[in-house]
Each structure stands twice: as C-alpha cells, then as structure tokens.
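Engineer: Please read through the structure below; I'll follow up with questions.
The values are calculated or read from the model by the stated rules, or taken from the named source; none is laboratory data. Keep in mind that this is a model prediction, so the values were computed, not measured. With ideal geometry, Cβ positions are generated from the backbone for all residues, glycine too; neighbour counts draw on all protein chains shown. These area figures cover heavy atoms from the full protein model, side chains too; ligands, DNA and RNA do not enter into them. Shrake-Rupley method; radii C 1.70, N 1.55, O 1.52, S 1.80 Å.
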Amino acid sequence: YLFMIVLLPQSHCFCRRTIKFNKHAKGQRFAGLRHITLNNNNQDPSRIHQYLVYKVFREAGVPAPRCNLARVTVNGEYLGIYSHVESIKTEFLERHFDDANGNLYEGQGVDFREGHARFERKTNEAIPGRSELDAVVKILATEKSDLLEELGEILELDAFMRFWSAEVLTGHWDRYALNMNNFFLYQSPVSGKLNLIPWGADSAFGDRSPFISYEPPASVYAESLLCRRLYQNPEGRKRYRSVMREVLDSAWDQDELLREVDRLEALIAEHIVLSPAASSAGREKVRNYIRAKGAAVRADLAGDAPDYPVQKQVKPEASEKGTLVGTFKTKWSDSVTPNPLDGEATFRMVIGDEEIEFA
C-alpha cells in the first residue's frame, strides 16, 4: 500500500535513512515498530526492485524484511516514491527467530576470509569474541571432504541455500553471492546457528555488476568464498541445484510477478516526480527480466551443472610515495539545497622533491 510520511531531518539528501520513533520519546512506537528505513531508490528508476526482491525471498522461505512503498514529504517538499523497509531490529528477529538476544552482524564488503571477515557487530557489542564467524573462516580455509557436515554445525545450510537461490533468481548483484555486500548475519540463540538476511535490494532484475568481467551462469552466482567452496564441492553443488529447483517452483511464479509489476505501476505512476519516462522504462526492464530468468535457470538445471568462471584476482601493491597535507574552511548556508556547505579547501602534496598545491 501507499502512505504519506513526513520527516524533519537536517538534510533530505540521503539514500537510506532510519527513522527512530523512540529517539526523543522513550518507548514510543508507530504501528508497533520503533524503527523504519526509507530508501530513495536512486539506483532503481523503476522504484519497485526492493519490494519485489524481498517478496521473492519471503516466498522462498527466507527471513526477509517487509517492504512497501511510501510517498515522502520533507518540510512540505514532496520527494517522490521511496521504499519503506522493515529495519533489521528486535521486532524482526523476534518474529523470525523467536529470540532477539543473539549476535547480529552487518556485512558490507566482507567475506569469510582471513583478514576480510570484518563484520560489524550490531548487538551484544560489549561481549568480546566472534567465535561463530571464526569457525566458518577456519572451515573454508582448508580443503575438506566433509565440508557440508562441518558447515552444517554452525550455519543453517538449507536456509543459506534458499537465500543463495533467491539472490540468483532476483539478479541482485550487490549482495553476498556476487559482491559480498548488503546482508545481515544472525546467530539464533535457539539453534545456535548462523542465518543470512537480505538487505539493500535496489540493484536487481537485470542490473549488471561493474566489478566482474564475466557473465555468470543463469543458475548460480559464486564469487563469494562460501558460495564458491560449496559449488566446487560435488555434494554441495548437487544440494544447491536441488534447492534452486524447489525455490524456482515455490517462489518464482512468472505470471504472479508480472501481475505485481502491473499493480505497482498503476499504484505509483502518477506519483513519480523524477524522470517518469525512465521509471516506466525501468519497469519494462523488470518485466523482460522476469520473462527470461525462469526459463534460463530451468535450462541450466536440465543439463549438466555449468562450471563457474574464475575471475582473475589482481593483488594490489602499495608503497609510500609521499605526503598529503590539507586545510579547509567552510560556512553553513541558509539552504540545504544544492549544498549546505559553501567554502574552499587547499592541499599541498609532496612526492620526492616535487611539491604540488591545488584547491
């Protein structure tokens, strides 16, 4: 559904903003929630990616935030259609895992690799250690014939396979399987195992990743280490393809998804304020993706499992070249648009005997 929400932030030049209803009134809630998250969908001209992505995840049986659409007004200025997404907070965790006291981590550009497992702790910050993450890193660091059995001790493996399958079906490249980004991890106190939760679902339905040089197979993304190791393992590959068939049957109803696109288009068309033509073209792109994706995945699953291409990894080299010193001064302007800051900065860079000054 569509609703109006009025905010009073310092600046409305934001991509994603969490609204805390209890910020200034302890215990205050709105519709039972303490937080909501609004995303301006700048990367999604169709304005419907997030709603559809989370719908597919939920249909696949994956814990995923509820999402609808909002007309957003700030200080009397109408900003257009935003995605209104349920925050990954206590209420979400209680509903899906029965207990919200476990360890919650956010994953942004991280993986289960030594030196790269820099997951941001969101709960229980005062408790030291993150043994559950270290255990996954240790398992994936070695070649093990009993990979699935060991991972199954710490990770809800079937739930992860459904999560992985839904990522692939929705074509969301900026996620764990392809870009090691935009997800949460939760260790349920009930089971003691880790679960992945989708987040940041605006780059989907045919958007291409700018960070890979190959075209992934229709049925699998496996750039991240966990997905790669599971897909390289014969039993893991077999199990993933079996789960993908189940998710394809249960969560990817082409006709229903196309009807949802039509319904959403009728709902928001007259409320689009920026580039209505681009927004309409974006929704047609979503339709074309939905029409093609299921058939392409089924064709992959009908034959032998495709090998996954390996992207050449370039190890960055760094050495000290010099120093950069800068100063700046600024003043606040009276308006938040186009820029609340008005000032100048000067820098001096020294590389060897050469000095460069620039403003």
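Engineer: With respect to I272, determine if the residue is in contact with a Leu (Cβ under 7 Å, 6 or more places away or on another chain) and either modelled with pLDDT of 95 or more or buried (at least 16 other Cβ atoms within 10 Å of the Cβ) (or both).
Structural biologist: Values: in contact with a Leu (Cβ under 7 Å, 6 or more places away or on another chain): no; either modelled with pLDDT of 95 or more or buried (at least 16 other Cβ atoms within 10 Å of the Cβ) (or both): yes.
Taking the combined requirement at face value, the residue does not satisfy it.
Engineer: Can you tell me which residue in segment 30-41 is nearest to K285 (Cα to Cα), limited to those that are in contact (Cβ under 8 Å) with a residue 40 or more places away in the chain and not in a strand (DSSP E or B)? Step through it out loud before you land on a result.
Structural biologist: Quick first cut of segment 30-41, residues in contact (Cβ under 8 Å) with a residue 40 or more places away in the chain only: 32-41.
Right, trim to not in a strand (DSSP E or B) and you get 32, 34, 40-41.
Numbers: G32: 36, R34: 35, N40: 19, N41: 16 Å.
If we take residues in segment 30-41 being in contact (Cβ under 8 Å) with a residue 40 or more places away in the chain and not in a strand (DSSP E or B), then N41 is nearest to K285 (Cα to Cα).
Engineer: To continue, here is another question. Given the structure, is R208 farther than 26 Å from T142 by Cβ, more than 21 Å from the chain's Cα centre (by Cα) and without any contact (Cβ under 8 Å) to a residue 60 or more places away in the chain?
Structural biologist: Values: farther than 26 Å from T142 by Cβ: yes; more than 21 Å from the chain's Cα centre (by Cα): no; without any contact (Cβ under 8 Å) to a residue 60 or more places away in the chain: yes.
It is false that R208 is farther than 26 Å from T142 by Cβ, more than 21 Å from the chain's Cα centre (by Cα) and without any contact (Cβ under 8 Å) to a residue 60 or more places away in the chain.
Engineer: OK, next. Looking at (1) open to solvent by 10 Å² or more (accessible area, probe 1.4 Å); (2) of a type outside the set (F, W, Y); (3) in a helix (DSSP H, G or I), which one does C227 not meet, given that it meets all the others?
Structural biologist: (1)
Engineer: Report whether or not Q43 is under 14 Å from the mean Cα position of the chain (by Cα) and farther than 22 Å from F163 by Cα. Walk me through it before giving the result.
Structural biologist: Working: under 14 Å from the mean Cα position of the chain (by Cα): yes; farther than 22 Å from F163 by Cα: yes.
Judged against the criteria, Q43 is a match.
Engineer: Please go through segment 117-153 and give me each residue that is part of a loop (DSSP other than H, G, I, E, B), of a type outside the set (D, E, K, R) and touching a residue at least 60 places away in the same chain (Cβ under 8 Å), ordered by number. Talk me through it step by step, then tell me what you get.
Structural biologist: Filtering segment 117-153 down to residues part of a loop (DSSP other than H, G, I, E, B) leaves 117-119, 122-130, 141-146, 152-153.
From what is left, the residues that are of a type outside the set (D, E, K, R) are 117, 119, 123-124, 126-129, 141-142, 145, 152.
Within segment 117-153, F119 is the sole residue that qualifies.
Engineer: Something else now. Would you please list the contacts, defined by Cβ atoms under 7 Å and residues six or more apart or on different chains, that run from a residue in segment 305-322 that is farther than 30 Å from E235 by Cα to a residue that is at pLDDT 65 or above and surrounded by fewer than 10 Cβ atoms within 10 Å (Cβ to Cβ)?
Structural biologist: G322/G352
Engineer: So, in segment 192-223, of the ones that are under 22 Å from R241 (Cα atoms) and of a type in the set (S, T, N, Q), which residue ends up surrounded by the fewest Cβ atoms within 10 Å (Cβ to Cβ)? Don't jump to the end; show me each part of the working.
Structural biologist: So the first thing to find is which residues in segment 192-223 are under 22 Å from R241 (Cα atoms), and the list is 194-198, 204-206, 214-223.
Imposing the further condition that a residue be of a type in the set (S, T, N, Q) reduces the set to 195, 219.
On the way: N195: 21, S219: 24.
The extreme case among them is N195.
Engineer: Considering (1) in contact with a helix residue (DSSP H, G or I) (Cβ under 6 Å, 6 or more places away or on another chain); (2) at pLDDT 90 or above; (3) open to solvent by 20 Å² or more (accessible area, probe 1.4 Å), say which one A64 fails and leave the rest.
Structural biologist: Here A64 meets the rest and fails (3).
Engineer: Could you go through segment 126-146 and let me know if any residue there is in contact with a strand residue (DSSP E or B) (Cβ under 6 Å, 6 or more places away or on another chain) and open to solvent by 70 Å² or more (accessible area, probe 1.4 Å).
Structural biologist: no
Engineer: Still on this model: Evaluate the following for D158: is it of a type outside the set (V, I, T) and in a loop (DSSP other than H, G, I, E, B)?
Structural biologist: Numbers: of a type outside the set (V, I, T): yes; in a loop (DSSP other than H, G, I, E, B): no.
For D158, the condition - of a type outside the set (V, I, T) and in a loop (DSSP other than H, G, I, E, B) - is not met.
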